[in-house]
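Down below is the structure, laid out as structure tokens.
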């Protein structure tokens, strides 16, 4: 990873979340800062649609909390979970369609010492960013980053492509921590990575839809 790595274009994100999610695997989520960059490779994601997905925050329409989800694509939607943790999502699809991809796990690749220090509760390197709340803490992502433009890097956060392709056969499984639409296999992960948030299941081909 270096400063020349291309930022993903708006068109990459302005597609169905079910297409964007598996293609985010292998990309780098980067937090730039004067004291040094922190970055992790995306190894697990979940897709959330809008009006046709009861597990989505946008299912019941626009609220002050979910405004960012309604577009434009390529922005960061950050929400507070269980009154304790921040979680980061990438806004997808066209404006007003309200779709997003939750970033569930990262493999640390740069600024690892700073990421570990931010995650003072992590006892093992594998635990630094192997969960949606953990990775936000490791990168210093909070509610103030809601709405950040991932293309301009207006708040120091970008998603870049260093040439690493997504897994040829990503693992596929149900989303985690939801009570509705549990049958949807809308979680993708790198089955070769030990940095996922869940024990990998069998490999499966990606279902496009």
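Please treat every number below as a calculation from the coordinates, not as lab data. Because the structure is a prediction, the values reported are computed rather than measured. Note: ideal-geometry Cβ built from the backbone for every residue, glycine included; neighbour counts use all protein chains shown.
Between residue 51 and residue 84, the FRET efficiency estimated from the beta carbon spacing at R0 = 25 angstrom works out to 0.30. The value of relative contact order for the chain, using C-alpha pairs under 8 Å at least six residues apart, is 27 percent.
Each stretch of four or more DSSP H residues adds -39500 (n - 2.57); spread over every residue of the chain, this sum gives -3000 deg cm²/dmol at 222 nm. For region 156-179 versus region 96-150, the spacing of their alpha-carbon centroids is 13 Å. Taking 7 Å steps out from each Cα toward its Cβ at residue 96 and residue 67 produces label points 1.8 nm apart. Global size of region 10-189: 15.1, 44 Å for Rg and Dmax (C-alpha atoms, Rg to one decimal, Dmax whole).
Taking the number of Cβ atoms within 10 Å of each Cβ as an exposure proxy, the fewest-first ranking of 136, 92, 87 is 87, 136, 92. Cut-off 10 angstrom, C-alpha nodes, Gaussian network model of the chain. Which of 51, 168, 114 fluctuates the most? Taking springs between Cα atoms under 10 Å, the residue moving most is 168.
Across every direction, the projection of the convex hull enclosing the Cα atoms of region 77-138 has a mean area of 4.9 nm².
For region 134-173, the fraction of C-alpha pairs farther apart than 14 angstrom is 63 percent. GNM remark for the chain: springs join alpha carbons under 10 Å apart, and the peak mean-square fluctuation among 11, 50, 74 falls on 11.
Taking 19 Å as the cut-off, the amide N atoms of region 147-179 that come nearer than this to a point 7 Å along the Cα-to-beta-carbon line of residue 126 belong to 171-172.
For region 10-189, DSSP calls about 100 percent of its internal beta bridges antiparallel.
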